[in-house]
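What follows is a set of notes on a single structure, which appears directly below.
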Amino acid sequence: MLTLYGSLPSPYVRRIRILLDGKDVEFVPMNIFEEKQREFLISKNPTLKIPMLEDDGKFIFDSNVIYRYLQEKFGCIDLTWQQENLLTVINAVNDSMVQLLTLKRSGFDVQDDTFCFNLHRERAAVAFEHLDDAAAQGQFADWDYPAICLYCLLDWVAFRELYDWSAFANLNRFFTSNQTREPVKATEPTD
């Protein structure tokens with residue numbers, strides 16, 4: 001049996017939860033900053049990040065590596081290079097948003113005009129524009145792993161109020177057309 005470890009709000013965890021919808025998998029919600037759960041995470045995963053998938057005592061780290069593992073396990077179609085590039089863009093902006101949230105929770109004003117914060121905001125602006133163009137070209141028309149990852153990113157960024165992507169019409173259409181899916185509704189981010 002598969003066991004997925006991760007937090008409820010994490011967009012990286014959520015993408016795997018949605019992907020595994022309908023499969024025999026146990027989801028173990030974690031607060032990786034709580035002492036005992038952190039000790040468990042440290043003992044199993046040297047990256048100290050979630051999600052983490054356990055399959056018959058074997059631990060797999062990182063959502064994209066977990067996806068590749070599940071591809072092999074369940075015989076899913078390989079991603080194209082174009083899809084891999086889209087995932088790189090999604091992950092880059094997602095990582096920037098996670099960094100901004102971490103810095104904000106550490107007491108920094110992430111709206112300050114500083115090199116670090118400006119880099120993250122610039123990446124977000126460029127990435128969301130690229131993703132909006134990709135959506136306009138129909139690159140997220142299928143509900144596949146890249147589309148799931150994009151949806152989780154958009155919803156999490158809105159949930160955390162980290163970046164206003166509402167000006168991107170194609171991303172809005174994509175988001176609206178997918179928000180009533182049952183696995184999406186069942187995995188909405190919460191604190």
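The values are calculated or read from the model by the stated rules, or taken from the named source; none is laboratory data. None of these values were measured; they are calculated from a predicted model. Methodologically, a virtual Cβ is constructed for each residue, glycine included, from the backbone with ideal geometry; neighbour enumeration extends over all protein chains shown. These accessible areas exclude ligands, DNA and RNA; they are computed on the full protein's heavy atoms, side chains included. Shrake-Rupley method; radii C 1.70, N 1.55, O 1.52, S 1.80 Å.
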Exercise for the section: Mind telling me which of the residues 38, 105, 68, 15 ends up being without any contact (Cβ under 8 Å) to a residue 12 or more places away in the chain, of a type in the set (Lys, Arg) and under 25 Å from residue 143 (Cβ atoms)? Expected result: 68
Completion exercise
Within the stretch 59-72, the residues that are open to solvent by 70 Å² or more (accessible area, probe 1.4 Å) and either closer than 13 Å to residue 19 by Cα or touching a Cys at 6+ places or on another chain (Cβ under 8 Å) (or both) are 68
Handout entry: Among the residues listed as 42, 16, the single one being among the hydrophobic types (A, V, I, L, M, F, W, C), part of a helix (DSSP H, G or I) and at pLDDT 95 or above
Key = 16
Handout entry: For residue 53: the one exception among (1) modelled with pLDDT of 95 or more; (2) part of a helix (DSSP H, G or I); (3) under 21 Å from residue 156 (Cβ atoms)
Key = (2)
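Table: residues versus (1) at pLDDT below 95; (2) in a helix (DSSP H, G or I); (3) open to solvent by 20 Å² or more (accessible area, probe 1.4 Å).
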residue	(1), (2), (3)
139	no, no, yes
146	no, yes, no
152	no, yes, no
177	no, yes, yes
Exercise for the section: Looking only at the stretch 81-103, decide whether some residue is open to solvent by 60 Å² or more (accessible area, probe 1.4 Å) and outside any helix (DSSP H, G or I). Expected result: no
Practice task
Please find, among 37, 71, 99, 83, the residue that is under 17 Å from residue 25 (Cβ atoms) and among the polar types (S, T, N, Q).
Solution key: 71
